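Structure, as structure tokens:
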Amino acid sequence: MSAIGKVSGSGASRPAIIINEQDRHFAAEVERLSGANLSWCYQCRTCANGCPFVRAMDYPPNSVIRLIQLGLRQRALECHTIWICVACHTCSSQCPMVIDIAAIMDALRRLALEEGAMIAEANILDFHREVLHSIKNYGRAHKLGIMLRYKARVRQWFADLDVGLRMLAKRKLDLKASRVNALSEITRLFIPHWKRK
């Protein structure tokens, strides 16, 4: 039987939870990697209500936590939400239980990459690489540079051109990248820990 069956109830069907597909150790693993206590979440949805990207997600942040609590490893690691999350910490700052939800999403992305899980968002790794490239070189995200390098990498030059032009017109995109003063401290983060002095 498939790990995701269908259960019909109040009009809409939703994925079923197949007991033998649950990973009883998944929540503990995510807690260890993220440092967050998942059992504190009582599903108030404050995280979802504050998230600026929740409409693009397949599961709101609280539902991702529920997937983890239920041991639905594959569903959690293959959902769109973990890649759409930009780690802005809005959810974490608004959580009444002070759960670091951004750290949970980061832990899930890490596990997804380590386990070779299907990545739900096309080209998302290319985008993340460009953001990291910008941070490594400038100490901050240079949006225009990120956009141009990303477009070159995925060869979609004119996709979202209207948004880029509007951002440029509203002075939301700096033409020239600015560097932080202590750039060496930031670039040090990109050196593997065993090579650091």
(request) Note the listed values [x] 48, 43, 24; [y] 70, 42, 41; [z] 54, 46, 33, then indicate which one is Cα extents along the principal axes in Å calculated from this particular structure. (result) [z]
(message) Can you give me the distance in nm between label points at Val86 and Ala182, each placed 7 Å from the Cα along the Cα-to-Cβ direction?
(response) 2.6
(message) Please compute the modelled spin-label separation between Tyr42 and Ile124, points set 7 Å along Cα→Cβ, answer in nm with one decimal.
(response) 3.1
(request) Using only Cα atoms, find the angle between the long axis of helix 124-138 and the longest principal axis of the chain, and express it within 0 to 90 degrees, rounded to the nearest 10. (result) 40
(message) What is the angle, in °, between the Cα long axis of helix 143-154 and the longest principal axis of the Cα atoms in the chain? Nearest 10 is fine, range 0 to 90.
(response) 70
(request) Could you please report the charge total around Ile186, scoring K, R as +1 and D, E as -1 over all other residues with beta-carbon less than 13 angstrom from its beta-carbon? (result) +3
(message) If packing is taken as the average count of other Cβ atoms within 10 Å, what order do 147-159, 68-80, 170-182 fall into, highest mean first?
(response) 68-80, 147-159, 170-182
(message) For the chain, which cysteines have no second Cys with its Cβ under 4.7 Å from theirs?
(response) Cys41, Cys44, Cys51, Cys79, Cys85, Cys88, Cys95
(message) Using Cβ contacts closer than 10 Å as the measure, can you line up Phe26, Phe127 from fewest to most?
(response) Phe127, Phe26
(message) Once you keep just the Cα pairs under 8 angstrom separated by 6 or more residues, what percentage relative contact order results for the chain?
(response) 16
(request) Compute the acute angle (0 to 90°) between the alpha-carbon long axis of helix 101-115 and the principal axis of greatest extent of the alpha-carbon atoms of the chain; round to the nearest 10°. (result) 90
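Each reported figure results from applying straightforward, stated rules to the coordinates on display, with no laboratory input. Just so you know, these numbers come straight off a predicted model, no measurement behind them. In this analysis, Cβ positions are derived from the backbone assuming ideal geometry, glycine residues included, and neighbour counts consider all displayed protein chains.
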